[in-house]
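**Student:** Quick one: this structure, given as C-alpha coordinates, is what I'll be asking you about.
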Amino acid sequence: MMNMEKYSLQFRHAKVESILEREKRGHVQTKFVQLSLLPGASLPKHHAHAPVAVILLSGRIRLEAGDKSMELKELEMVLMEPEEIHALDALEKSIVLLVVSQADSAPPVE
(Lines give C-alpha, C1' and ligand atoms only; values in the text may rest on other atoms or scores of the structure.)
Protein backbone atom coordinates (compact mmCIF):
# COMPACT_ATOMS: atom_id res chain seq x y z
CA MET A 1 0.00 0.00 0.00
CA MET A 2 1.61 3.24 -1.20
CA ASN A 3 1.05 6.15 1.16
CA MET A 4 3.68 8.66 0.01
CA GLU A 5 2.90 12.32 0.83
CA LYS A 6 5.04 15.45 0.67
CA TYR A 7 5.41 17.97 3.55
CA SER A 8 7.11 21.35 3.69
CA LEU A 9 9.70 21.87 6.43
CA GLN A 10 9.27 25.63 6.30
CA PHE A 11 6.58 25.42 8.97
CA ARG A 12 5.74 23.11 11.87
CA HIS A 13 3.39 20.47 10.43
CA ALA A 14 2.05 17.74 12.76
CA LYS A 15 3.75 15.02 10.68
CA VAL A 16 7.08 16.87 10.82
CA GLU A 17 6.74 17.31 14.59
CA SER A 18 6.07 13.57 15.06
CA ILE A 19 9.33 12.69 13.24
CA LEU A 20 11.35 15.21 15.25
CA GLU A 21 9.84 14.07 18.57
CA ARG A 22 10.23 10.26 18.21
CA GLU A 23 13.39 10.09 20.31
CA LYS A 24 11.72 11.96 23.19
CA ARG A 25 9.04 9.25 23.50
CA GLY A 26 11.79 6.74 24.32
CA HIS A 27 12.64 3.21 23.26
CA VAL A 28 13.30 4.29 19.67
CA GLN A 29 16.50 3.79 17.70
CA THR A 30 17.14 6.50 15.11
CA LYS A 31 19.77 6.61 12.40
CA PHE A 32 20.56 9.73 10.35
CA VAL A 33 22.12 9.30 6.91
CA GLN A 34 23.20 12.19 4.68
CA LEU A 35 23.39 11.63 0.92
CA SER A 36 25.26 14.11 -1.27
CA LEU A 37 24.12 13.51 -4.85
CA LEU A 38 25.29 14.93 -8.16
CA PRO A 39 22.81 15.50 -11.01
CA GLY A 40 21.88 12.17 -12.60
CA ALA A 41 22.81 10.10 -9.54
CA SER A 42 20.20 7.59 -8.47
CA LEU A 43 19.32 4.98 -5.89
CA PRO A 44 17.63 1.98 -7.55
CA LYS A 45 14.44 0.45 -6.19
CA HIS A 46 14.88 -0.71 -2.61
CA HIS A 47 13.02 -0.80 0.72
CA ALA A 48 13.70 -0.29 4.41
CA HIS A 49 12.40 -2.39 7.29
CA ALA A 50 11.52 0.74 9.30
CA PRO A 51 9.75 4.04 8.60
CA VAL A 52 11.98 6.54 6.78
CA ALA A 53 11.70 10.32 6.52
CA VAL A 54 13.33 11.53 3.28
CA ILE A 55 14.22 15.19 3.89
CA LEU A 56 15.61 17.26 1.03
CA LEU A 57 17.97 19.85 2.50
CA SER A 58 19.02 21.32 -0.85
CA GLY A 59 18.59 20.67 -4.55
CA ARG A 60 15.83 18.78 -6.36
CA ILE A 61 15.07 15.04 -6.54
CA ARG A 62 12.44 12.72 -7.97
CA LEU A 63 11.11 10.00 -5.67
CA GLU A 64 9.13 7.03 -6.98
CA ALA A 65 7.08 4.58 -4.92
CA GLY A 66 4.69 2.12 -6.50
CA ASP A 67 2.95 3.89 -9.38
CA LYS A 68 3.43 7.33 -7.81
CA SER A 69 6.24 9.74 -8.69
CA MET A 70 6.86 13.15 -7.16
CA GLU A 71 9.47 15.86 -7.28
CA LEU A 72 10.86 17.23 -4.04
CA LYS A 73 12.34 20.69 -3.71
CA GLU A 74 14.50 22.16 -0.96
CA LEU A 75 13.04 21.77 2.56
CA GLU A 76 10.36 19.25 1.61
CA MET A 77 9.93 15.84 3.19
CA VAL A 78 8.32 12.50 2.33
CA LEU A 79 7.49 9.79 4.87
CA MET A 80 8.04 6.24 3.63
CA GLU A 81 6.28 3.31 5.30
CA PRO A 82 8.26 0.17 6.24
CA GLU A 83 8.78 -2.23 3.32
CA GLU A 84 7.60 0.41 0.80
CA ILE A 85 9.61 -0.07 -2.41
CA HIS A 86 10.99 3.23 -3.68
CA ALA A 87 13.69 4.77 -5.89
CA LEU A 88 15.35 8.19 -5.98
CA ASP A 89 16.90 10.29 -8.79
CA ALA A 90 18.86 13.52 -8.30
CA LEU A 91 17.63 16.14 -10.77
CA GLU A 92 20.32 18.58 -9.64
CA LYS A 93 23.09 18.66 -7.03
CA SER A 94 21.23 17.65 -3.85
CA ILE A 95 21.71 16.91 -0.17
CA VAL A 96 19.22 14.42 1.27
CA LEU A 97 18.85 13.57 4.95
CA LEU A 98 17.33 10.17 5.73
CA VAL A 99 15.88 9.64 9.21
CA VAL A 100 15.26 5.96 9.96
CA SER A 101 13.43 5.26 13.25
CA GLN A 102 12.23 2.04 14.79
CA ALA A 103 11.26 0.64 18.17
CA ASP A 104 13.97 -1.04 20.23
CA SER A 105 12.18 -4.38 19.83
CA ALA A 106 12.69 -4.30 16.03
CA PRO A 107 15.89 -5.55 14.35
CA PRO A 108 18.70 -2.96 14.44
CA VAL A 109 18.86 -0.21 11.83
CA GLU A 110 21.74 -1.02 9.43
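The values are calculated or read from the model by the stated rules, or taken from the named source; none is laboratory data. A quick note: this is a predicted structure, and the numbers were derived from the prediction, not measured. Cβ sites come from the backbone with ideal geometry, for glycine too, and all protein chains shown count toward neighbours.
**Student:** What are the residues in the stretch 25-42 that are more than 15 Å from Pro82 (Cα to Cα), surrounded by fewer than 16 Cβ atoms within 10 Å (Cβ to Cβ) and under 13 Å from the mean Cα position of the chain (by Cα), if any?
**Tutor:** Phe32, Val33, Gln34
**Student:** Step by step: first the residues of the stretch 25-35, then only those that are β-branched (Val, Ile, Thr) and within 25 Å of Ala90 (Cβ to Cβ), then the one that is modelled with the highest pLDDT. Which residue is that?
**Tutor:** For the stretch 25-35, the residue satisfying everything is Val33.
**Student:** Do you know which of the residues in the stretch 13-24 that are surrounded by 10 or more Cβ atoms within 10 Å (Cβ to Cβ) and basic (Lys, Arg) is modelled with the lowest pLDDT?
**Tutor:** Arg22
**Student:** Quick one: in the stretch 62-101, of everything that is touching a Ser or Thr at 6+ places or on another chain (Cβ under 7 Å) and among the acidic types (Asp, Glu), which residue is nearest to Gly40 (Cα to Cα)?
**Tutor:** Here the answer is Asp89.
**Student:** Under 7 Å between Cβ atoms, which residue pairs at least 6 apart in sequence (or on different chains) link something in the stretch 36-58 that is modelled with pLDDT of 90 or more with a partner that is among the charged types (D, E, K, R) and not in a loop (DSSP other than H, G, I, E, B)?
**Tutor:** Close Cβ pairs (under 7 Å, with a partner that is among the charged types (D, E, K, R) and not in a loop (DSSP other than H, G, I, E, B)) amount to Ser42/Asp89; Leu56/Lys73; Leu56/Glu76.
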